[in-house]
Each structure stands twice: as C-alpha cells, then as structure tokens.
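**Student:** Encoded as structure tokens, here's the structure I'll be asking about.
The values are calculated or read from the model by the stated rules, or taken from the named source; none is laboratory data. Predicted model only: the values in this text are computed from it and were never measured. Please note: Cβ atoms are built from the backbone with ideal geometry, for glycine as well, and neighbour counts cover all protein chains shown. Each accessible area value is taken on the protein alone, full model and side chains, heavy atoms only, with ligands, DNA and RNA left out. Shrake-Rupley method; radii C 1.70, N 1.55, O 1.52, S 1.80 Å.
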Amino acid sequence: MVNVDISNIWCSVTLPMLLESEQQISAAHAALMDGEAAAFLPWLDGDNSAVLEQVEEAARTIRAQAGILVVVGSDSAVAGVRAVVELLRGRNHNLRPGTQIVFAGSDLSTRSWQHLAELLEKRDFCVHLLGRDGADVQSAVTTRALRWMLERRYGTEKARERVYVSTDPVIGPLREIAAAEGYKTFNLLPTVGDHASVLDPGALLAAAVAGIDIRKLLDGALTARLAMEIRSFENPAWLYAAGRTILGSQGKVTEYLTMLEPDAGALGRWWKQLFGSRACANGEGLLPALAEIPGDLHTMHGMFSDGAQPLVQTVLRFDPPEQKVAVEMDWQNQDGYNYLEGFTLDYVQEQAMAAVIAVGADHGVPIFQVDCGRMEPGDVGQLLYFFELTSCLCAGMLGRDVYISEGPSRWSEQMARLLGRPEE
C-alpha cells in the first residue's frame, strides 16, 4: 500500500497546523465522494468484467493485426497510459518483441509527424483515439492524417477495422466520428470535470496491447480506494494533500517530484499534468516540476543548497528488484571508484537519494517521501489512484469544484482565433 512519510516537513508544518486543516480536508473529501453529484471513479466499485473482456479481446486483435499501435490524444488519460506502460514495461519497451506502442497527438511538430510517418511507412498499424472529446487542434490534426493514411493503405472498409476509440459515451467530436465510421468504441465513464481517468477500463487498451494485466491494475486501484476512504490523517492521501496545501499557504511555490527510477519519468509527466490542471490556479497551489536522481543533482544543488528558494520536494521510492546487480571492480581504478566494489546498484542509488534528502532537510526544504511499493500492476494501480485522489483533495482544499468543467482554455481559444476559426 502507498505510504507517505512526512517526518521531513515538520520544520514547516506542525501537528497543530495539520489538525487545524482537518475540517477543510474532510469537507473536500466529502464533496468528492458523497452526494448524488459525486462520480469520482465510480466504476471501480462495480463489475468491470464485461468491458475488460472487450478491451482484452481488442488487444488480442490489435496484436494480430499490427506491429504498431498509435495512441492519439493529449488528455491526461493518455499521459497516464504512457506512465503505466513505461512503469511496467520500461522506457525501452518498444525494443522488445511484440506490438510497439507509440504516442502521438500532443504536439504540432512537422518533424514529429514526419518521423511517425516514416516509422509507419512499411509497418502494419492500428490507431487508438483516446480522450473525452478529442477537440484540441493537435489531436484533431494527427487523427485526420492517420485516418487518411489508413484509408490509402488498406481501403476504407479495412481501415475502419484498425481504428479504436475511447471517448465520452454521448457527445464530442470523437463520438461523432466513431458513430459515423463504425469504429470499435469504448466509453470513458463520467468523472471529475473534463478529465478522463487513466483507471477507466476504456482507456487501458494500449496497456493491454503491451501485455499488462489490466485487471490486476484495477484491483490495485480498488484496494487503494477502499483503504483511502478513511476520513482521518491515517489516510496517506490526507497527509499529502493537507501538507501540500499548508506549505502553499506559507509561500512555497514549486514542488519537485523527485524519482530514482528513469522508468517513472512518464509517471512524473502525468503527475505534473494532473496537479497542474486541478490544484494549481489563480495564484494558489504548488507549481509541479520534475527531477530525476542522480541525473539532475547538479541542477538541484544550486536551488536546494541555501534553502532560500520556496521549494517543496516529493520523493518517490520504489522497492528494488529481487535480482541484484553489483558494481564492478576495475584493476586500474582510474576513476577512483573501486571503493564501491561489492555494493549493489540499488544500494548506491539509495545513498544518492539519502544525500538529496539530507541536504534538503539541512536547509529547511520540506520533503514528502512516498513509498510506492513494487513496480507490479497492483502496486501501480494503487499509486495512480493515490495521485488521482490527492489531486482532487488539493483542489477541494483550495475551494475548487473539480466536478465543474472549465471548458476550453484561453490558450486554445486564442489559437483558434489566430487560425481564423469561423464564428458560430
């Protein structure tokens, strides 16, 4: 189970402060979970077997049809699916045998499209369109190009068999496209605001194609849901959400999510999108940022060393693999590191993180430590639920109603005007 260690934040957040926030976070939790309007990941409590069977059957079909699955979208669910795939199959998963998973539709780069088109030129491929509506420009442009590419290669009828859609069950451009073309479709069930959840069974097609046991993933999320329903500070979600909110009210500005595992980089980007969109607005909430250890140590040194920067640090810790790798001995010892001989890589890695924590603590940087468990589907499901819940709790503590859709961003509206969108 996910666990949060807050022993390194007591320099800024005292126990009385935490207790004073109890009524506020309790109200945020109640608004999220209780009442007729609440719909926070409700499917986790129900029987998902029918839709999971459909997703698994579609995954088997895709693996038989194609060497590449292109997942298109810029929704946080897409970032979450990428996090799941990379956590459980590694950043280099596409170098392994099997259907490759490629993500597109989050940018407007000509070079990016040309590289994708070159990759698909002589390979059989399928497309998964994923998002609540698919109305953003970058996803729409990519979707058009891929649909035309499929039709030119396979013909209109055969192309339809290679497109899968996960979207809103009733409205939106993707729903209209799927209905008009007869694409295989999965419903993204109602949830908070405009956000699709990575834990929605309909979003997990790419994970199933990658060979991940999505049933175990959702079982882990359900385990976390039941455990984190407790309304007290024994709940790790309460500790994290309340601590972040208090630190933000004290003038802290930026929260660095720090990870030891490179395969967790996509998880960090999903976390940044989740907390940035839900719990950082109108000058309130911590601005989410990322750091990988030990690669970013030199960058972080200047920010953390004097304690003057208004920073918070959240450290992700995963259990090391059972199989150990020892540091090799070099007879010449030209680099001077023979003293590491016999140590395992995970031990050296842990000391690197301990050094980061010690330096931060010595200079008054509040540090959360999140124990994420193993890199297994059930543990990853728990971690995803933990972050989805805490991002909503943080938003609620800031007075935001996460069930209200915020509509198109000002950036999207301005870009549409600059591109000459016709007035309705």
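**Student:** Filter the helices (runs of 4 or more DSSP H) completely within region 192-257 down to those with at least 2 residues that are within 19 Å of the chain's Cα centre (by Cα) and either charged (D, E, K, R) or within 26 Å of MET17 (Cα to Cα) (or both).
**Tutor:** So the answer is 214-227, 236-249.
**Student:** Which one is modelled with the highest pLDDT, of the residues in region 392-414 that are over 28 Å from LEU239 (Cβ atoms) and not polar (S, T, N, Q)?
**Tutor:** Within region 392-414, the match that is modelled with the highest pLDDT is GLU413.
**Student:** So, one more: Would you confirm, using the coordinates I've provided, whether THR299 is of a type in the set (Ser, Thr, Tyr), at pLDDT below 85 and within 25 Å of the chain's Cα centre (by Cα)?
**Tutor:** Against the criterion (of a type in the set (Ser, Thr, Tyr), at pLDDT below 85 and within 25 Å of the chain's Cα centre (by Cα)), THR299 qualifies.
**Student:** Scan region 2-16 for residues that are part of a loop (DSSP other than H, G, I, E, B) and crowded, with 16+ Cβ neighbours inside 10 Å and report the count.
**Tutor:** Number of matching residues: 4.
**Student:** Applying the selection to region 336-387, what residues are in a helix (DSSP H, G or I) and β-branched (Val, Ile, Thr)?
**Tutor:** VAL348, VAL356, ILE357, VAL359, VAL380
**Student:** Suppose we keep only residues that are among the polar types (S, T, N, Q) and over 14 Å from HIS128 (Cβ atoms) within region 47-83. Which one would you say is least open to solvent (accessible area, probe 1.4 Å)?
**Tutor:** SER76
**Student:** Taking the condition aliphatic (A, V, I, L, M), at pLDDT below 85, over 19 Å from GLY220 (Cβ atoms) and in contact with a strand residue (DSSP E or B) (Cβ under 7 Å, 6 or more places away or on another chain), does VAL365 pass?
**Tutor:** no
**Student:** To continue, here is another question. Under 6 Å between Cβ atoms, at least 6 apart or on separate chains: pull out the pairs that start in region 362-383 with a residue that is under 30 Å from ALA210 (Cβ atoms) and end on any residue that is outside any loop (DSSP other than H, G, I, E, B) and small (Gly, Ala, Ser).
**Tutor:** Correct list of pairs: GLY378/GLY220; ASP379/GLY373; GLY381/GLY220; GLY381/ALA221; GLN382/GLY220; GLN382/ALA224.
**Student:** Given the residues VAL70, VAL78, which is the only one that is of a type in the set (Val, Ile, Thr) and modelled with pLDDT of 95 or more?
**Tutor:** Exactly one residue qualifies, and that residue is VAL70.
**Student:** Quick check: anything in region 151-165 outside any helix (DSSP H, G or I), without any contact (Cβ under 8 Å) to a residue 40 or more places away in the chain, hydroxyl-bearing (Ser, Thr, Tyr) and touching a helix residue (DSSP H, G or I) at 6+ places or on another chain (Cβ under 7 Å)?
**Tutor:** No: region 151-165 contains no residue that is outside any helix (DSSP H, G or I), without any contact (Cβ under 8 Å) to a residue 40 or more places away in the chain, hydroxyl-bearing (Ser, Thr, Tyr) and touching a helix residue (DSSP H, G or I) at 6+ places or on another chain (Cβ under 7 Å).
**Student:** Condition check: in contact with a Lys or Arg (Cβ under 8 Å, 6 or more places away or on another chain) and not basic (Lys, Arg). Does ILE212 satisfy that?
**Tutor:** Answer is yes for this residue.
**Student:** Which members of region 139-168 meet the condition of being open to solvent by 50 Å² or more (accessible area, probe 1.4 Å) and β-branched (Val, Ile, Thr)?
**Tutor:** Answer for region 139-168, where residues must be open to solvent by 50 Å² or more (accessible area, probe 1.4 Å) and β-branched (Val, Ile, Thr): VAL141, THR156.
**Student:** Out of the helices (runs of 4 or more DSSP H) lying entirely within region 17-136, which hold 1 or more residues that are closer than 30 Å to ARG152 by Cβ?
**Tutor:** 49-65, 76-89, 110-120
**Student:** Condition test on GLU376, is it closer than 24 Å to SER76 by Cβ, at pLDDT below 85, in contact with a Leu (Cβ under 9 Å, 6 or more places away or on another chain) and acidic (Asp, Glu)?
**Tutor:** Spelling it out, it is not the case that GLU376 is closer than 24 Å to SER76 by Cβ, at pLDDT below 85, in contact with a Leu (Cβ under 9 Å, 6 or more places away or on another chain) and acidic (Asp, Glu).
**Student:** Check off (1) touching a residue at least 40 places away in the same chain (Cβ under 8 Å); (2) within 30 Å of ALA208 (Cα to Cα); (3) surrounded by fewer than 18 Cβ atoms within 10 Å (Cβ to Cβ); (4) touching a Ser or Thr at 6+ places or on another chain (Cβ under 8 Å) for LEU316 and give me the number that stays unchecked.
**Tutor:** All conditions pass for LEU316, except number (3).
**Student:** Kindly provide the set of residues from region 343-393 that are farther than 16 Å from TYR256 by Cα, open to solvent by less than 30 Å² (accessible area, probe 1.4 Å) and either over 26 Å from the mean Cα position of the chain (by Cα) or of a type in the set (A, V, I, L, M, F, W, C) (or both), ordered by number.
**Tutor:** ALA352, CYS372, VAL380, LEU383, LEU384, PHE386, LEU389, CYS392, LEU393
**Student:** Still on this structure: Among the residues of region 88-106 satisfying the criterion of being open to solvent by 10 Å² or more (accessible area, probe 1.4 Å) and among the aliphatic types (A, V, I, L, M), which is nearest to PRO262 (Cα to Cα)?
**Tutor:** LEU88
**Student:** Now for a different question. Look at region 169-188 and say how many of its residues are open to solvent by less than 50 Å² (accessible area, probe 1.4 Å) and of a type in the set (A, V, I, L, M).
**Tutor:** Of the residues in that region, 4 qualify.
**Student:** Looking at (1) aliphatic (A, V, I, L, M); (2) free of Cβ contacts under 8 Å to residues at least 40 places away in the same chain; (3) more than 29 Å from GLU57 (Cβ to Cβ), which is the only condition ALA242 fails?
**Tutor:** All conditions are met except number (2).
**Student:** In region 288-303, which residue that is aliphatic (A, V, I, L, M) and assigned to a helix (DSSP H, G or I) is surrounded by the most Cβ atoms within 10 Å (Cβ to Cβ)?
**Tutor:** Among those that are aliphatic (A, V, I, L, M) and assigned to a helix (DSSP H, G or I), it is MET300.
**Student:** When residues of region 265-287 are filtered for being open to solvent by less than 30 Å² (accessible area, probe 1.4 Å) and assigned to a helix (DSSP H, G or I), how many remain?
**Tutor:** 10
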